[in-house]
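Please read the structure below before turning to the comments.
The values are calculated or read from the model by the stated rules, or taken from the named source; none is laboratory data. None of the values given here were measured: they were computed from a predicted structure. Cβ coordinates were reconstructed from backbone atoms using ideal geometry, including for glycine residues, and neighbour counts include every protein chain displayed. When the accessible area is computed, the model is the full protein with side chains, heavy atoms only, and any ligands, DNA or RNA have been set aside. Shrake-Rupley method; radii C 1.70, N 1.55, O 1.52, S 1.80 Å.
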Amino acid sequence: MISVVLDRIEEGRTAVLLPEGQGAAVLCPVEDLPAGCRPGMWLLVEVEGGRVVSAQLDPEKTEAAAQRIKGKLDLLRRRGRAEP
Amino acid sequence: MHRAWLKPTLVVLILILCVAGSVAARGNMAAHFFYVGQAEAVLLQGPDFAVLVDVGDTGRYDVVPLLQRAGVTRLDVVIVTHPHADHIGQLKDVLGAFDVREVWMSGFEHPTPVFEEALDAILASDAGYYEPRAGEAIPIGSLTLEILNPGQVTEDIHQSCLALRAVYGGFALVLTGDIEVPTEEEILKRGLNVRAQVLQLAHHGSETSNSAAFLDAVSPEVAIYSAAICSPFGHPHVQVVERVLQRGITLYGTDAYGTIVVETDGHRYWITTERAPELYGGVFGQIEVNRAPYEQLLKITGIGPKRAGEILRLRPFSGLDDLLRVPGIGPATLEAIKKQGIAFVGE
């Protein structure tokens, strides 16, 4: 099983999964993902021959990543614009 | 893929791309629509400004070499229209290679490693940060960026996508990121001026976007989309191509033409392209090192993502032996390339 996040769904059909750390995106039919899976959600997936053969949502990882992202964006918002 | 509709019904000048110094010295603006595969990266470069809109895809190393080749040394603003990987993928690399004054984003929170890596890179840099909103008009030197979207960030990443109208003198260019039809309708309802000589087709020329109403409101003479050769998502969609051509709009795509440069003096504009459509790959599976796009270069033995990026930066090459200028290519690799027999340097 590898940890991936659903970056986007192209044309309502093709899911683009990004692996944790470095690595190429995995494309799969959106039907191969669990019901209720939306972009920005983390999953644990099993990939064989370039195809996703099993997938389950990872809500804890999704929540942790969302909190980290929010904190970092808040830091940037406090930094604000460059001096003129 | 055969695309008869891209056969030139107009005169296409095949020129080596203009370098920054010459554009700036002429007091012109050049909008470079880089070929970066199934992704976006557009450089707006003028006498007193350099703005990058979107930063290519993750897993590639092409945006920095392309910017260096265009003569970029610093960037006033890097705008990320939205945080999908094919629009924000190489922000870390760009921030590492250039002095960037500000980064603009929509503010949409997308919990992916690519976005988090980009945020970390901004935090580690000295760049300022801003989330512009529809209705603002922000001068960057002699360029004005009029923000068309978003009015506010919503739970929909495409509805929250940044879209803008770049104005240089009497010339205007509309950049759309991945906005979709409902967002196009919202933009039109705002009553902002969207008219432009050149329109970047939204979402890589997808049928999710580029409605007749939006095309008619912008009323462009030229439309440009960015998509990979043989796009995995079928971009551009034939319905959009037909909609554009039926309106007498001249269509360019980075898949067919490579990098496309629109240069303007603020009144007139002219277009140069990296290659004539469908001539990029040489013949019979051979690869012309001075013209081939990134993906084709990767088929040459010993050429990985980084060396392919270096080839983009350093070409033209006078012959295969000249590839020794590429960092990491030594006599042994050169010999293997010659033995493979698919790479060549044309006239």
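For B:GLU221, are the conditions met, namely being open to solvent by less than 10 Å² (accessible area, probe 1.4 Å) and acidic (Asp, Glu)? Break it down into steps so the answer makes sense when it comes.
Details: open to solvent by less than 10 Å² (accessible area, probe 1.4 Å): no; acidic (Asp, Glu): yes.
No; evaluated as a whole, the condition is false for this residue.
Only one residue in A:LEU6, A:LEU76, A:LEU17 is free of Cβ contacts under 8 Å to residues at least 24 places away in the same chain, surrounded by 13 or more Cβ atoms within 10 Å (Cβ to Cβ) and either under 17 Å from B:PRO83 (Cβ atoms) or over 16 Å from the mean Cα position of the chain (by Cα) (or both), so which one is that?
Going through A:LEU6, A:LEU76, A:LEU17 in turn, the sole match is A:LEU76.
Take the residues in the stretch B:95-125 that are among the charged types (D, E, K, R) and facing another protein chain (nearest Cβ under 8 Å); name whichever of them is surrounded by the fewest Cβ atoms within 10 Å (Cβ to Cβ). Even if it seems obvious, please write down each step before you answer.
Pass one, the stretch B:95-125, residues among the charged types (D, E, K, R): B:99, B:101-102, B:109, B:116-117, B:120.
Now narrow it down to the ones that are facing another protein chain (nearest Cβ under 8 Å): B:101-102, B:109, B:116, B:120.
Numbers: B:ARG101: 19, B:GLU102: 20, B:GLU109: 21, B:GLU116: 17, B:ASP120: 14.
Step by step, filter the stretch B:95-125, then rank; the result is B:ASP120.
Could you grab me the full set of residues in the stretch A:42-63 that are more than 8 Å from chain B (Cβ to nearest Cβ), within 12 Å of the chain's Cα centre (by Cα) and free of Cβ contacts under 8 Å to residues at least 40 places away in the same chain?
A:LEU57, A:PRO59, A:GLU63
So, in the stretch B:195-236, exactly how many residues are of a type in the set (Val, Ile, Thr) and over 17 Å from B:LEU164 (Cα atoms)? Outline the logic, then answer.
Residues of the stretch B:195-236 of a type in the set (Val, Ile, Thr): B:198, B:208, B:218, B:222, B:224, B:229.
Applying the additional criterion that residues be over 17 Å from B:LEU164 (Cα atoms) yields B:208, B:229.
Of the residues in that region, 2 qualify.
Look through the stretch B:231-255, keep the residues that are touching a helix residue (DSSP H, G or I) at 6+ places or on another chain (Cβ under 8 Å) and within 14 Å of another protein chain (Cβ to nearest Cβ), and return whichever of them is modelled with the highest pLDDT.
B:VAL240
Within the stretch B:79-94, how many residues turn out to be part of a helix (DSSP H, G or I) and either closer than 25 Å to B:GLU146 by Cβ or open to solvent by less than 20 Å² (accessible area, probe 1.4 Å) (or both)?
Of the residues in that region, 6 qualify.
Suppose the filter is touching a residue at least 12 places away in the same chain (Cβ under 8 Å) and not in a loop (DSSP other than H, G, I, E, B); does B:ARG101 pass it?
yes
Kindly establish whether B:SER226 is polar (S, T, N, Q), open to solvent by less than 10 Å² (accessible area, probe 1.4 Å), at pLDDT 95 or above and touching a strand residue (DSSP E or B) at 6+ places or on another chain (Cβ under 8 Å).
Criteria met by B:SER226.
Results for (1) at pLDDT 90 or above; (2) not in a loop (DSSP other than H, G, I, E, B), shown as yes or no for each residue.
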| position | (1), (2) |
| --- | --- |
| A:VAL16 | yes, yes |
| A:ALA35 | yes, no |
| A:VAL45 | yes, yes |
| A:VAL52 | no, yes |
| A:LYS70 | yes, yes |
| A:LEU76 | yes, yes |
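When the residues of the stretch B:126-140 are filtered to those that are open to solvent by 50 Å² or more (accessible area, probe 1.4 Å) and of a type in the set (Gly, Ala, Ser), which remaining residue is nearest to the other protein chains (Cβ to nearest Cβ)?
Step by step, filter the stretch B:126-140, then rank; the result is B:ALA137.
Residue-wise test of (1) of a type in the set (A, V, I, L, M, F, W, C); (2) open to solvent by 10 Å² or more (accessible area, probe 1.4 Å); (3) more than 14 Å from chain A (Cβ to nearest Cβ); (4) part of a loop (DSSP other than H, G, I, E, B).
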| residue | (1), (2), (3), (4) |
| --- | --- |
| B:THR183 | no, no, yes, no |
| B:LYS189 | no, yes, yes, no |
| B:HIS203 | no, no, no, no |
| B:ALA213 | yes, yes, yes, no |
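Which number in (1) within 12 Å of chain A (Cβ to nearest Cβ); (2) free of Cβ contacts under 8 Å to residues at least 60 places away in the same chain; (3) open to solvent by 10 Å² or more (accessible area, probe 1.4 Å) marks the one condition that B:ASP76 misses?
(2)
Looking at the stretch B:301-314 only, could you name the residues that are surrounded by fewer than 21 Cβ atoms within 10 Å (Cβ to Cβ) and part of a loop (DSSP other than H, G, I, E, B)?
Correct list: B:THR301, B:GLY302, B:GLY304.
Checking B:ILE329 against (1) modelled with pLDDT of 95 or more; (2) not hydroxyl-bearing (Ser, Thr, Tyr); (3) not in a loop (DSSP other than H, G, I, E, B), which single condition isn't satisfied?
(3)
For B:GLU155, are the conditions met, namely being open to solvent by 10 Å² or more (accessible area, probe 1.4 Å) and assigned to a loop (DSSP other than H, G, I, E, B)?
When the stated conditions are applied, B:GLU155 passes them.
Results for (1) modelled with pLDDT under 85; (2) hydrophobic (A, V, I, L, M, F, W, C), shown as yes or no for each residue.
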| site | (1), (2) |
| --- | --- |
| B:TYR257 | no, no |
| B:HIS267 | no, no |
| B:PHE284 | yes, yes |
| B:ALA292 | yes, yes |
| B:ILE303 | no, yes |
